[in-house]
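Undergrad: Can you read through this structure? Questions will come right after.
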Amino acid sequence: MPKSSKQKRRRALVFEKRNYLLLLGGLLLIVVGFTAMYLEGEFLGFVSLTVSPLLILAGYAVVGYGLLWWPDDEADAADA
């Protein structure tokens, strides 16, 4: 009698630890960018027009990289 119905199958995570760290870092950059824009309080200030958009754009780039990053097969074979 097969035990597949009673056995719990182990589900692998979609992302690895590095992916989650990249997503967290990107989200942190986005939050810092919007917070800096809010805290400056000037409509035409240097931080609001230059620094904050660059931080937000960098945050979205890091999030995109974190979603698309995939480990190399050679690195996995070398670790084994």
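Undergrad: For region 51-68, enumerate the residues that are within 21 Å of Asn19 (Cα to Cα) and either modelled with pLDDT under 90 or among the hydroxyl-bearing types (Ser, Thr, Tyr) (or both).
TA: Within region 51-68, the subset within 21 Å of Asn19 (Cα to Cα) is 55-68.
If the condition is that a residue be within 21 Å of Asn19 (Cα to Cα) and either modelled with pLDDT under 90 or among the hydroxyl-bearing types (Ser, Thr, Tyr) (or both), then Tyr60, Tyr65 are the ones that fit.
Undergrad: Please determine, by comparing only the residues of region 14-50 that are aliphatic (A, V, I, L, M) and more than 13 Å from the chain's Cα centre (by Cα), which one is modelled with the highest pLDDT.
TA: Just the residues of region 14-50 that are aliphatic (A, V, I, L, M), to begin with: 14, 21-24, 27-32, 36-37, 39, 44, 47, 49.
Remaining after also requiring more than 13 Å from the chain's Cα centre (by Cα): 14, 32, 36-37, 39, 44, 47, 49.
Details: Val14: 83, Val32: 97, Ala36: 94, Met37: 93, Leu39: 92, Leu44: 88, Val47: 91, Leu49: 93.
So, considering only residues that are aliphatic (A, V, I, L, M) and more than 13 Å from the chain's Cα centre (by Cα), the one modelled with the highest pLDDT is Val32.
The values are calculated or read from the model by the stated rules, or taken from the named source; none is laboratory data. Small disclaimer: the values here were computed from a predicted structure and weren't measured.
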